[in-house]
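The values are calculated or read from the model by the stated rules, or taken from the named source; none is laboratory data. Quantities reported herein were computed from a predicted structural model and do not represent experimental measurements. Heads up, the Cβs are rebuilt from the backbone with ideal geometry, glycines too, and the neighbour counts pull from every protein chain shown. When the accessible area is computed, the model is the full protein with side chains, heavy atoms only, and any ligands, DNA or RNA have been set aside. Shrake-Rupley method; radii C 1.70, N 1.55, O 1.52, S 1.80 Å.
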Amino acid sequence: MRIFARTTGVAASAALLLLVSPASALAAEPGDVTYSFTAVGSSVENTITNNSGSVITCGTSLAPAPDGVLPPVGEVIGNGQSLYTGGEVPAGATTQVVADVPAGTYVALASCTLTEGDSTTAWISDYPGLDEFLAQIPWTSYTVEQASAIVTVQ
């Protein structure tokens, strides 16, 4: 379940929260955040474009996808994932880098959250079967169609 928290904004297990005005959290829109993944050497880069107007907290993670085949969502958000980075992302474009990635094919996922008091908005990489898990969390959640979700590290 800890990885589920990572893929949903790292809000629970990593306790990554940020302070923004309540008006900003209420004004969040589905298209405010986008992701674009690329493999560069032994790293995977995620360019996050934040058009929310607020600082958000984001995480980028990788899960094995042998031969480019997406594993079931339970394996991606289950325990054991270790290729991960996260932090605050201001308005505009920011690149998160997962470094020292072993050679292989991976599915790259990201999530960002905007939190103030009881109100949390999350932008989460779209993934087959994810809706079942998102229905269990009491947040406003938007799935993000990201570019280059499958990456190959040589």
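What the table shows:
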| read-out | value |
| --- | --- |
| Virtual spin-label span in nm between ALA103 and GLN154, 7 Å along Cα→Cβ | 1.0 nm |
| Accessible area expressed per residue, the range 43-114, with surrounding protein chains retained (probe 1.4 Å, Å²) | 39 Å² |
| Space enclosed by the convex hull of the alpha-carbon atoms of the range 47-134, per residue, Å³ | 112 Å³ |
| Of all accessible heavy-atom area on the range 73-154, the percent that carbon and sulfur account for (1.4 Å) | 47 percent |
| Most to least packed among 58-65, 137-144 [average Cβ atoms within 10 Å] | 58-65, 137-144 |
